[in-house]
Structure formats: structure tokens, C-alpha cells
1. For region 885-900, name all the residues that are assigned to a strand (DSSP E or B) and over 19 Å from GLU930 (Cα atoms).
2. For region 9-27, enumerate the residues that are exposed (fewer than 11 other Cβ atoms within 10 Å of the Cβ) and either under 21 Å from HIS68 (Cβ atoms) or hydroxyl-bearing (Ser, Thr, Tyr) (or both).
3. Find the residue count for region 942-962, including only residues that are part of a strand (DSSP E or B) and of a type in the set (A, V, I, L, M, F, W, C).
4. For residues that are of a type in the set (Gly, Ala, Ser), within 21 Å of THR230 (Cα to Cα) and open to solvent by 30 Å² or more (accessible area, probe 1.4 Å), tally how many sit in region 293-322.
5. Taking the conditions exactly as written (modelled with pLDDT under 95, at negative phi, part of a helix (DSSP H, G or I) and over 30 Å from the mean Cα position of the chain (by Cα)), does LEU112 satisfy them or not?
6. Among the residues of region 130-174, write down those that are β-branched (Val, Ile, Thr), within 21 Å of LEU212 (Cα to Cα) and assigned to a loop (DSSP other than H, G, I, E, B).
7. Six or more apart or on different chains, Cβ under 9 Å: which pairs go from a residue in region 738-754 that's basic (Lys, Arg) to one that's open to solvent by 40 Å² or more (accessible area, probe 1.4 Å) and in a loop (DSSP other than H, G, I, E, B)? Could you list them?
8. Name the single residue that is surrounded by the most Cβ atoms within 10 Å (Cβ to Cβ) among those in region 602-619 being touching a helix residue (DSSP H, G or I) at 6+ places or on another chain (Cβ under 9 Å) and under 17 Å from LEU541 (Cα atoms).
Amino acid sequence: MEDLGSDYFRELSSRSFFQPSNRGEVSRFVMHDLINDLAQFVAGRICFRMEEKLENNEGHTIIAKARHSSYVRGYRDGIQKFEIFQKAENLRSFLPFGLRDNDSYLTSDVLLQLLPRLRRLRVLSLRRYQICELSSSIGDLKHVRFLDLTCALIATLPESVSTLYNLQTLILRDCENLNKLPTNMSNLINLRHLDVTGADSLQEMPPKIGKLTSLLTLSNFIVRQGNGCTINELGSLTHLRGTLCISGLENVENGMDARRANLKDKQGLDVLLMKWSNISDNSRNTSVDSEVLDMLRPHEKLKELTINGYHGLTFPTWVGNSLFSNMVNLKFQNCDKCISLPPLGRLPSLTKLYIQGTKALQNVGLEFYGSGSSNPFPALEFLTFADMAEWKDWSPFEVQERSRAFSRLSELSIKRCPKLLGKLPNNLPCLKKLDIEDCPLLVVAWVPSPTGLIEVRNTLQFESLISLSLKDVSILNSFNTPEVGNEAAATENARYSPLSSLTSLRVKNIQGLTCLPSWFVQGLMGLQELSLYGCPELTSLWKNEVRIHHHLLTLRRLVIEGCPKLISLFEEDEDEEGLQQHEELPYMMLLEYLEIINCEKMEKLPRGLHNLRSLQKLIIGTCPCLISFPKTGLPSTLRTLGIQSCDALRSLPELMMLNSLEELEVRRCPSLTYLSSSRTGLPCNLRKMNIAGCAKLETVLAEEGMKINCTSLESFEIEFCDGLKSLPDVTQNNVDGGCLKDLSHLVVSSCENVESIPQGWFTATNLRELWVTGCKKLKGLPHNAYNNLTSLQSLRISSWDAATELISSHFTNLTYLRLENVDGGGNKPPSGWGLHRLSSLRELYLVGYGWASFPPVEEEEDGMMLWLPPSLNELTLWKFPNLEKLSCKEFPSLEELNIWDCPKLTTITKLGLPPSLLYLWIIDCPLLSELLIDRLPPSLLNLDIDDCPLLSERCSKKKKGQYWPLISHIPEVKIDHRNVFLEPSRSR
């Protein structure tokens, strides 16, 4: 049946009915719009696509006769979404589709009330819904043939699933909590596909699974001892195809039992995984594992094989046999007692080989290549060795003069092999990526020398290599000497390019490296990215930058991070003659990106930094000894400058020389007192400016009276600068909208001593966001500012008096408003603030008010409606120290209500009245215990209760709290960060 369906699909695809997706995903196809229109026309009224039919007002007339339904799965799907299915009587398919593979939440009403009525269902998908419990009523859907519970959080399936005798496909992928399958599952004699991939908590197979002889797909077969499911059950499942994982092989007692699995006759299998669990003691005889693996020989057309946790000393002869000519992917994992590798070089189609955790293996010898093979590993492209604690030597393949191993190898990775010290293969003509990590005894270099580098054991000469990563490898003293041979020898070596194709070099945790020797960059004529991480002894990159001016001509990206002794990039001459010499150096002329992070002793940057005329981005972070930038400045091409956590930094480079600068970020530089000393202010092309955590910053511009003239400035943020008293004034310009015509985002936050913001900042008619908070001495904006900000959409202010009436009168386009104790001490009641005039307002945060009740105008029946606009979607009440009672009357558009940090709140009333409420968060209200409501709105999708012990107990499912019936229908309910529908031990 599956083969016939595949033939039909291929036929339709060949006729362009379906077309491969241009996203590059192999299994995704799309339909042309015209074909889609035709398919919908033919489907007529038997197919119901929820979103489309509701949009055309056809849903209620079609659903009664529809046989197939589909809809787009949301993140949270509640009761109201499925109301239209109440009239469904003839549905055969219930299919949610996700635009993305994100997990979702589903109301329990679908499982408990809707699905039991759909008795004619053939196809039921609840894919990616976080379902915690499946009702036993699922067994009443006798016609179901396809059931998909991917990503469900269920621990067990109800036994009634065993009565779905027509079931052909059961998908339980990534059901990570599932630990048991129904006991009588062997009754499902029509079952063809059982997928439990990713159900890692599953302990065993159901009894007598061997009776399911129609099975084509069985993703995991778990072997148990005693009364559990033995490997013998696998023998009768002769039609298995695709991927099969056999786990629990430590429970197979002897080779004869393994032979009864009859893997050799399962010709449909393409991928086979064999897993033994870790055994802490040595009680099991290694020969038993060897015998079991020998008898589990699969058919010779197998494409992929993984052997995990095998405890034998050697592998059986079939592993590596050239008869397995279709084998393309092979993995050995945690075969910790293995002392030799099989002759894998004889596999003619092998492209990927992964060997990890063979802890006892000391030598990769000639047997690895296979005797009699002149060109072993002819197709291998990816090779990885990892976590091989005793591996010391890799024998080269040098059998015949013209023979060659690994002729197509493109990626080689060697990780965490602490004793490896021998030679690596050096004749790899196609190698593009080499990654060596945590091999401290392995020594590498790439420039041969008859004098200085004789001790180097591995000379990397891979002309096709593009990416090289070295972490924790050894460096000999001669390797670390910056001067190798005489000048003539160095010049001669410069012409030799063993790594001429290398574009990326990453070096990490190299012990004893004080600087990079001259040969280190020699021959790297195409290098574009150089990264140095965690080199604890590095003091400078090069002893003398004159030495490298013929190298790194193509370097575009340089990153240095975590080098605590690095003082400077180069050891420079201190006299003026040296300075002049450096001025003329053409080194790294294509460098575009420079990043220096966590270099605690970094004192200075190179004088010639301004000569890097391609540099566009400079990032300096956590360099507490850096005092200043070079007097010669930075290159004028710089577009982005970021400086963070430089404790000693007292001044920035001359910013006005950076006429291309677009983004400036300065954070946590406590010694900085000003940003720019130029008389002309800031660079005219500056678009974004972010200043934060500079406690001693007194002014943005050093000289008094200087003004900002940045016509391109779009965003300005300054935060946590306690020494700042005022922002600089702005040059007045009435042409083309003024000096700050493009300013759309302005933030002044937690600057306690700021007393005023000049009028010029508010001539920006395009300002969309204005946040001014935590500035205790600032009492408000200049009065005329309110007239210009008619485009303002987001406003956040704190501790201003008499501001709300001005806001409501002028900022009529606001969609977001956050008021922190604004007008809190005034005599005017909230109903007089005029907020109801903000007809576009969607989000309102009220913070720090001392009201005892909400709404504060309790005596009026419609108190909220009198002072809040009906357009409001989200309302947050935060830090109300005196609030005792909250009443939420009818609000036609309210979708989200957040109640945070109200220590005296005891009662919430009339919460069920907002008909559109979707999200309700109640946090840190320790006295709240009463919900004086009859119901919660059916629209509610998410309830989150944290640090409210009294309310949490009344909402508990386990304790059968009095409010549980009110909330049980909500798709997502979390109490103290735990999913209430899950058992406590499984909540996440």
C-alpha cells in the first residue's frame, strides 16, 4: 500500500502536480497556485479548511457534511477555536498543520468532549501538542487508522488503544515522558508503522510484539530479560524496512538468541542501530557481546550502521566486509573495550565515519585500512575520532608507492585524545576542514625548516584546506621561537604556501604560546579569518610587526578573546622614528572586523590602527587596563565601534574623525568622563548611540556650549550614568525637518542627576519611542515638546507630576504607555487623566501606585470604562503596595492581564467578564486567595501563577482545589513555573 502511494506521488510530481520546495528541504513539496485552486474545486464541500472557510463565512454550512478537516495549529488552541466542530458529524480526518515545528498547547475539551463524538474518524493527528493525558475514550474511535501523538507529554497510553483494531500507523515521536506501551498492543494486528523515535523513557516493548507481523516500521526494539520482550520476538517481523534501532542488547544472553532476530533476511532495512547500555561492573563476559554482534549480521545492502556501547575486544569479520558495498555511514560509539578497529577501508561507498569513546584503543594500525587494498577509503569524505583516552599512534598507509588512502576526505576531526602524539596522514589532497581539539601531546606546524622545526612531528601540507581549528595542542620551544633561521631563509619560506587555500584559522588554549612566530602566518596568503581564544601566556601577536607586512594581506576578520597576559597586538618601537616606520606599513589592509575581548592586561592598541583603511567594525570588551586609544586615532572607514567593561578607559578616540561611523556603543566604562572633545560634536553619519553604566560620565561633549549635529541619528540611549546632569543641546536647523529629523528612538533611563533635556531633542517629528525613567531630578519635558511629538507611539515615563493630561491631549497615536508613579501624588483622580482619549492605545503598564482598589474609582459602576480606552489589549498592574481588591469589568478588547507584586491583594472579582481575555499572569501576590467569579472567559489560553501560595493551593489539580474546575479547560496552566497537567516529577 505504501509503495503504491509512493508511486502515485512520484507520478504526480513528474507531471508538476507537486514541485520540490525551494527551501532546500528534501521532503517538502509545494503546489502551484493554479493546481491548488483546481484541487480545492474538486474537493468541493468534502474538505474543510478552517481558516479559509471561516473567512468566507462558509464554515457552518460545510462542516456538517465535510469528511476531511484541517487547520493551522496555534501556540495555544482553546475552546473557542473548535466551536465550529460541534456540528461535525461525518469527519474522517482531523489534521492540524504547523507553519513551524513549535510545540503547542491544546484545551482538554478537545480530548474529553470533542473527539469522543467524532466516531467516524480515520485519521487523527495531535502532532506537537503538549498533551499530558489521553482519555480512555480514545478506544471508542474504532475506525481510526492513523494516530499521531508526536511530542505529547503522556507517561502512558490508555489500555483502550489496544482495541483500535483498524489502526495502521501509531506515531509517538519525541514523547519523552512515555515509559510504557499498552499491555495488549499485540492485538493491533493491522499495525504497519510504530514510531517511538525520541521516546527515550520507554523501558520495554509490549508483550508478544512479534505477533504484529504486518509491521513495516519499528523505530526502536527494546530487549528485556526474564518475562520481558526478548530479541526472539524480532525474528517474525520479517517486513521491517527503513530504520531499526535495537537497544538493550546487554540483555541478550547468547549468540543463538541473537541469531533468531533474523536481521539478515530483513532486506528492507536501510539504517540499523545496535545499542548496549553502559555496564558499571565487569561481570559480563566480553565474548558474549562479540558472539551477539557476530550473529546480528544484517543484509549486505545496508546503508547506515551504528554500534553503541559494544563491550567486545574486537569486531566480528562482517564489520568492514567489502560485500557491504552500499554502506555510506558508519558510527562506533562508546565501544570502550575495543583494542582494534575492523578493516573499514575496504568499504567502497563509505562517506561518513564516526569513532567515539573507544577508550582502550591505543593504535590505529594498518588493519584499519584493510589488507590487500591499494586505495582504502576511496569514498570517505567525513572522518571523526573523539574521546579516545589511550590512543597514541595512527599508522600511515604506505604499502605501495602509488597507493593512496583517503583520496576524497574533505573533513577530519580529532577531539579529546590526550595521548595522541604520532603522525597524522599528510597526503590528503581534498581535505578542506581540519579540527584538532584537546590533544595536548600532538604537535603541528605547516612550514618545514631544516633547522628550527626538526622536532615538529606533523607538518600540515594540505593545499586544499580551507578551515583549520587547533585547540590545546603542544608547541615545542623551537616552534614558539619568533625568529626561525636567517632572513634569507624566512624570505624563501614565504614563497612556499603549504596552506595557500586556507581562509579560516582558529587557535584556542595553546599553552606556552607567548607570541605567534613569524612562520605562523607564512604562506597563508588567502587567510581571511584568524581567531585566538584562551591562550594564557600570549603577550603580543608578533614581536615586530615589520616581520608580517608581507603576510595577512587578505585577512578580513581578527578575533582575540580570553588572553589574560596580552599587552598589545605588536611590540612597537617607542620613538618617533619607529612611529613613522609603522605609519607606512601595509599590513592587514583588508581587515574589516577586529574584536578584542577579556584581555585583562591589554594596555594599548597599535599606533598604526588608523592605517587599516578597510576596518568597519571594532569591538573592545573587558580590557580593564586599557586607558586610551592611539593618538593617531582610528580609521575613518569605521562604521561600528563597541567598547564594554574597560574600567581604566578615560577617553575615546577623536570621534569626529570617524566620518563613516554609524553605530557607537559604550557600556560599563566607569572612568570615562566625556565621549567627544571635538568642537563640532558627534559624527554626522551616526545612526545609533548606546551609552550605559558609565558612572563618572558628566557630559556627552567635553566643551561647554558644544551642540550635536547628527542629521542621521535614529536611536539614542543613555542609561545608568549617575554623573550626567543634562544632555547636550542640539544645533537648530529648520531645513528638511531639523537636525534630528530621523530620530525615532530616545531613551534616558536611571540617570539620577539629570535635571533637564534640552528642547532641541524634541524637534524630531519622527520620534516613535520615548523612554524617560529613573531620573529623580527630572520633573518633565520642556512644555513645548508635547506639541512636536504627534507621531509618538511608545512612551515610558516615571515620577512626573501633572503629565498625564498633557500626554492624553497631545500623544493621541500612542499604542504603548508605561506610567511609573506619574501623577501618583496629585489631587486629580485617574478618571481625570484623560487616558480614555488615547484611542489607539494597546498596552498600558501602571507601576508603583498606592491605590487600595482597582479601578480606583470604585463608587462608579463603570469606573474602568471612564478612564481607560476601549482599544486596550494588554493591562499590567505592577508594584501596587496597598492594593487589596481588583475588579475587572467588561473590557471589549482586553487580551492580556498581568498582576505583579501586589503584597496586600486578597481578592479578584468579575474576572470572567472580559470576553476576549487570552493571557492572565498573577505573580508575587502572597495573600491572594479569593476569585469571586463564576467562570473564567472561554477565550483564556494561558494562566500563569507564581509565588501566590494560597491561590496556588486552590488551583491545584492534585489537591482538587476549588478553582480547578474553573481552569482545567485552559490549554496552558503553570503554577510556580510547573505545568499543572503533568506529574510533579515530570513538570518542566
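1. In the first step, residues of region 885-900 are kept if they are assigned to a strand (DSSP E or B); the result is 885-887, 896-900.
Hit for region 885-900 is GLU896, nothing else.
2. Within region 9-27, SER14, SER16, SER27 qualify.
3. Residues of region 942-962 part of a strand (DSSP E or B): 942-946.
Imposing the further condition that a residue be of a type in the set (A, V, I, L, M, F, W, C) reduces the set to 943, 945.
Qualifying residue count, region 942-962: 2.
4. 0
5. On the way: modelled with pLDDT under 95: yes; at negative phi: yes; part of a helix (DSSP H, G or I): yes; over 30 Å from the mean Cα position of the chain (by Cα): yes.
For LEU112, the condition - modelled with pLDDT under 95, at negative phi, part of a helix (DSSP H, G or I) and over 30 Å from the mean Cα position of the chain (by Cα) - is met.
6. VAL144 - this is the single residue of region 130-174 that is β-branched (Val, Ile, Thr), within 21 Å of LEU212 (Cα to Cα) and assigned to a loop (DSSP other than H, G, I, E, B).
7. Filtered contacts from region 738-754: LYS741/THR711; LYS741/ASN733; LYS741/THR763; LYS741/THR765; LYS741/ASN766.
8. Step one: list which residues in region 602-619 are touching a helix residue (DSSP H, G or I) at 6+ places or on another chain (Cβ under 9 Å), which gives 606-608, 610-611, 615, 618.
So of that shortlist, the ones also under 17 Å from LEU541 (Cα atoms) come out as 606-608.
Working: PRO606: 20, ARG607: 21, GLY608: 23.
Filtering first and then ranking leaves GLY608.
The values are calculated or read from the model by the stated rules, or taken from the named source; none is laboratory data. Given the structure is predicted, the values throughout are model-derived calculations rather than measurements. Ideal geometry is used to build each Cβ from the backbone, glycine not excepted, and the neighbour counts take in all protein chains shown. Keep in mind that these areas ignore ligands, DNA and RNA; they rest on the heavy atoms of the full protein, side chains included. Shrake-Rupley method; radii C 1.70, N 1.55, O 1.52, S 1.80 Å.
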